[in-house]
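The next block holds one structure in the form of structure tokens; read it before the comments.
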Amino acid sequence: MAISQSALSRRIQKLEEALGVTLFERTTRSVKLTLSARSFRDRAEAMLEEAQEALQAIGDDTARFAFQRNQTVTVAVVPTATRSLLPRAIKAFRDEGFDGRIRINDLSANNVLEDVASGDADFGVNFIGGQEPDPDFRVLADDSFVLAVPRHGELDEDGPVEWADVDPSQFIAV
């Protein structure tokens, strides 16, 4: 480390004072990291790695682009879209060369809106819009509603069914 042991000891002592925790368990035979020190070390190493990546990205357009393509993207999505839309969307995302992690928050429609509005998700896929001015809503697709009825029941016929024909006491919807 290119410093004397006493200088290193003073630096550690000042760091412990600044943090308000003991970093080392010292005995006459050994010195071990405390739980606080291990946690601090892990976080400090992660910060140093991120700082090193940031410095590399600043000086190199290719590295900067690769760094951006490896970020974590958080998607808030309703369960029906999780199965129907996300697999194709993720494949297209990967085919375009994006290698970042994709975090999926599988939520109810209201919670999708809340996650996006609060910034907990980068974007959301939902079947309803919100009353708030933010976030911005864009239609991805139109989805038809279908009516499932028992075979040979009173509504089991070819052709369209009017809402007025549906008994409200027998109707179930999300």
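Some values worked out for this structure:
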read-out	value
Which listed residue is loosely packed, with under 11 Cβ neighbours inside 10 Å and modelled with pLDDT of 85 or more, from Gly159, Gly124, Gly119	Gly119
Residue in the stretch 108-124 that is under 30 Å from Asp165 (Cα atoms) and assigned to a loop (DSSP other than H, G, I, E, B) present	yes
Residue list for the stretch 127-146, restricted to those being over 17 Å from Thr80 (Cβ atoms) and at pLDDT below 75	Gly130, Gln131, Glu132, Pro133, Asp134, Pro135
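The values are calculated or read from the model by the stated rules, or taken from the named source; none is laboratory data. None of the values given here were measured: they were computed from a predicted structure. Because the Cβ atoms are built from the backbone with ideal geometry, glycine has one as well, and the counts that use them run over all protein chains shown.
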